[in-house]
Structures are given as C-alpha cells and as structure tokens.
1. Using a Förster distance of 51 angstrom, determine the FRET efficiency expected from the C-beta separation of Lys82 and Ala369, and round it to 0.05.
2. Using Cα pairs under 8 angstrom and six or more residues apart, how large is the relative contact order of the stretch 23-233, in percent?
3. What FRET efficiency comes out for Asp37 versus Asn168 if R0 is 35 angstrom and r is the Cβ-Cβ distance? Round to the nearest 0.05.
4. How far apart, in nm, are two points set 7 Å out from the Cα along the Cα-to-Cβ line at Val284 and at Thr358?
5. Kindly state, to the nearest 0.05, the FRET efficiency for Asp426 paired with Val378, given R0 = 35 Å and r defined as their beta-carbon distance.
6. Can you list the residues of the stretch 236-264 with backbone N under 20 Å from a point 7 Å past the Cα of Asn294, pointing along Cα to Cβ?
7. What is the distance, in nm, between label points placed 7 Å from the Cα along the Cα-to-Cβ direction at Val442 and at Gln225?
8. Rounded to the nearest 10 degrees, what's the angle between the helix 395-407 long axis and the longest principal axis of the chain, both from Cα atoms, 0 to 90?
Amino acid sequence: MGDLLKIKGGKPLQGQIKAAGAKNAMTKLLVASLLSDKKCTFHNVPNIGDVEITVNLCREIGSEVQWDKKNHTLEIVTHELKTSYVPQRYSGSNRIPILMIGALMGRTDEDIIVPTLGGDMLGSRPVDLHINALQKLGAHIEYRDMKKEGAYLAHAHHGLKGAVINLNYPSVGATENTILAAVRAKGTTLIRNAAIEPEIIDLILFLQKLGANIMVDVDRTICIQHAHQFHEVEHTIMTDRNEVASYAMCAISTKGRVFIEGAEHLQMIAFLNKIREIGGGFTVKPNGIEFFHNGLLKGGVHIETDVHPGFMTDWQQPFVVLLTQTSGCSIIHETVYENRFGYAATLKEMGADIELFTQCLGGKTCRFAACNHHHSLVVKGPSPLHAKEIAIPDLRAGFAYVMAALLAPEVSTISNVDFLDRGYEDLVGKLTALGADITRVVQPKKHPEKTKTALHHLLAEKSLTPV
C-alpha cells in the first residue's frame, strides 16, 4: 500500500516557494548525455521520481552517476555501454525507454531492446511517429508482442544517414527521438512540423554545448548536422512550467498570494493570458512571478489545449478546478490526448458542476473529431467543493485532486501519492510552507519477487543477459 495524503482545506495559501527544475527537460537530458562518452554536469536538478527512474535506467546500461540531491547537482558519464537492453521492469515506469533507441543507435552496433511505452493512462501514445522517423534515418525496428509484455528491437548495423522527416503531428517525443538519432547520423537531417516546446529548446541548447550543430527555423523545421566531436558539458535545467502553473492556480483559487521564485515569464505566456481573462492577479518580477486572488473570478473563458506555444495539456486539469471557483460557464477543448478528462468524475463527486462532450467544442482542427472520445467539457461555477477519499490515476490529475482538496473545508484522503512524487519535488513541504494543512501518512512498502518473463526468452534468443 502506498503513502496517503491528508488535506484539510479552506485556508488561503500565502508565502514564497522556489520552482524546481523541469521534469520534462531533465529526464530527456539524461538520455541525451548517452550520445557521448564525455562528462555532463547538470544544475537545478529536481529531486523527483521520474529523474530517479531515469538515473537508474542510465546506470543499467553503463552510466556512472553522482547525484547531490541537497545541492541539486548531477554528474553523469557513460564511458562505454555495458548493455543495450533496457530491462522489462521499466515498462510502464515512464516514457523515457523509447527515447533510448534514438540515443543509443549511434553508439552501438548491437540490437537495442526497450520495453513498451509507459507513463500515465491518458489515452493511446502511439510510437508510429517515432518508428517512421527513425526508419527513414536507416534504423531497423520491430515490435515483439509476448502475452502481456512487449518490446521494441532496433539496430542500425549500417549506420544512420540524414534524411528529411515530415511529422504529421508535432509530437514532442517523436521530435526528441529523431533529434537524438540525427546527432550521430551522417549528413544533415531536417525535421518538419517538429515540436518546439521550451523543453525541446533546452535539449537543443544542451546538444549544441555537447558538439552538435542544430538550427530551429520559424516554420517548425529543425535542422541537425552530424556531430564529429563531443565535449564535456555544464548545463542548468530550465524551470518546471507545470509546477509553476500548479502552485499559481492553488494561490488564486484559495484566495491567497504566492511568489514563485524562478518562474519564467516567457514560458508562461499562454497560461498568464487565461489567468488574466478570469480575473486572477499576477505580477512579473525580476526573479519570479507572484500570483494572487484579485477579487471576483469570472468564467466565460474558452480554452483549447495545444502544442507549444498554445495552452499546455498539462495545465488543463488544475485549471478546471480553478474554473469551479469562477462565476459563469467555461469550455475546455482537449486536442492533445483523447482520454484526459477521467478525473472529472471525481471532481463532480466533490461538488463540481461539469459536463463532458464527445463533440469538438472549439475551432481548432482536432484529431479526435467524430471519434466518440469525451474530449470537451463545460464547467460552471462557483461551486463549493467537499472532501472525499480519492485515488490518483495520473500525475496531473493527481495535482488537480490536491488542489480540490485544498478548497474543501473538510479532510480529504488521497492515495496513489507515488504519481505526485514523479513530478512534484517536496510537494508536502512546499504546501506546508504556504500554510496548507497537509500531512503525508507513510505506509509500509511491498517488495514483489522478481520472476522470469517472456522477455528473458527473447534475450536468450538474442544472446543477451538481463541485468
């Protein structure tokens, strides 16, 4: 049984916290460090579950890692690969294993074996964009379906060659995977309709320090030239814009005032516009952003999630909770994932007035039109929220539940806290510092026995030894 959170809401959050480094940047940078045998030093490293998982994954394949969690500094160097097999136990842990294909392809002639995609249950996360792009660069990839397990086998025995890659959707993961593979591919690679999220720009900055030549054009085209030499790198991780938005919405919804040190204005433009539309307050300062309740919150807003520079899909769950405290009806149209409104049922049980729709309630071209997915909702406020026993289904929904519990005057009990540990550093400590009545109840952990799986037979077939 996992740990529990006990939250007694009804208190305005007041005070100051410091934003952590970005989960979605740090995990990808660890994988990118595998491209070379040079030491990479990272600063502002978040002490969160997903970084822990990725560090362990890198160690499995041969990385030497020194992580000073107190000072948020990490050094990693991978002099040589001791295996190109990512153990099956990492299947479902996060979305990092699939990126190992792009990172390792240029460093080994051996078959690369990675487990199937993991992470939150937000809808299908097809890897066809990854596979098609890597195949155009010269990779050979196949999927093996073995009962309840699955793995991708990949190799590039004849090396990778630059190519023109046209993505039919600006997928963050596919863009990252293609960039990583292209750094060691002979010649030049063009990625058209690429994702250009701040975390991808941070990856590009790191890779340029490492020795790559990478350019980003105004039309979502990324150009990568073959890297001939690598260098040691020192890099500071960008601020986590998801964490900033999460605490900002807590401050405004609880009628409080919170200064978030390290919050970066440029990353938050779309979010700040919507905060201003509903009447929330914020002040941009040289070293961060202060968020505060600024009188009556008004609804009537229309939000459509999108790739950068649009409104992040990771912002919409807590924003729906914020909209329950506004006056009037608002619309959310989710265009990135087809199954990201599962949390709404619990919010309704807590008193929220929310209705789901399969129709596209918005003007953006949507991949989920006429697919019968509930990917639009209407929320009406203001609605008083009530405490509930809640089981967290995924990371961002988990924070939305925490935020709802902070608004309910009674005591809520929240389980599956491990999801929150994946992406929020010292959640209880930060909320306590802001005046929240929150306690973590530690539960004994179970240690399941290791068993042989169908993947072991595949490894035997490939003459590989699992770690």
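Laboratory data are not the source of any read-out in this text; all were calculated from the coordinates shown. Bear in mind that the values here come from a model prediction, so they are computed numbers and not experimental data. Because the Cβ atoms are built from the backbone with ideal geometry, glycine has one as well, and the counts that use them run over all protein chains shown.
1. With R0 = 51 Å, the Cβ-Cβ based efficiency is 0.60.
2. 18 percent
3. Details: r = 35 Å, r/R0 = 1.01.
Calculated value: 0.50.
4. Once both label points are built, they end up 4.3 nm from each other.
5. That pair, Asp426 with Val378, gives E of 0.50.
6. Answer for this model: 244-264.
7. 5.4 nm
8. Once rounded, one gets 20 degrees.
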